[in-house]
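See structure below.
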Amino acid sequence: IQKTKLLLNENSYFYFIYIPANTRYLKNKKDQNKYYYSEIKKILNRNDIKLIDLKIFFSNQTNIKKFYPFGGSGHFTEYGYKEISKFITNEIGG
């Protein structure tokens, strides 16, 4: 992260997008330490890097399964990518 930040010029923005493991929601495993969430946030804060936290996005959803194929694991569905893209765009301020 530090090396990447050094490569950016002053006219660039560095956003880190945190994508929580789908097991956090689909299998109801909410142990944040297992997923290194707090450690990641500390590193980003220490390096003054903006966080786009999809954990916030997912916490506001009523049906997480609609974002994954067949309601399970894997990449996001077309709908999932579309809705997540809207969230990211809004977080950036676009």
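Bear in mind that the values in this text are calculations on the coordinates, not laboratory data. Since the model is a prediction, treat every value here as computed from it, not as a measurement. So basically every Cβ, Gly included, is an ideal-geometry build from the backbone, and we count neighbours across all protein chains shown.
Can you give the angle from 0 to 90° between the axis of helix 78-92 and the longest principal axis of the chain, with both taken from C-alpha atoms, to the nearest 10?
Relative to the chain, helix 78-92 is tipped by roughly 30 degrees.
Under the definition of Cα pairs under 8 Å and six or more residues apart, what whole-number percent is the relative contact order of the chain?
Once divided by the residue count of the chain, the mean separation gives 25 percent.
On a straight-distance basis, which aspartates and glutamates could pair with residue 41 in a cross-link, Cα separation under 18 angstrom, same-chain partners fewer than 8 positions away excluded?
Straight-distance partners of residue 41: 31, 53, 91.
Quick one: the Cα spread of the chain along its three principal axes, in angstroms, biggest first?
Answer, in whole Å and largest first: 43, 31, 20 Å.
Longer than 30 Å from Cα to Cα, which of 5/66; 5/82; 3/55 are they? Say none if no pair is.
Table pairs above 30 Å Cα-Cα are 5/66.
Quick one: if the Förster radius is 35 Å, what FRET efficiency do residue 42 and residue 78 give, using the C-beta to C-beta distance and rounding to 0.05?
0.55
Taking just the alpha carbons, could you work out the radius of gyration and Dmax for region 47-94, both in angstroms?
Values for region 47-94 (Cα only, Rg and Dmax): 11.9, 38 Å.
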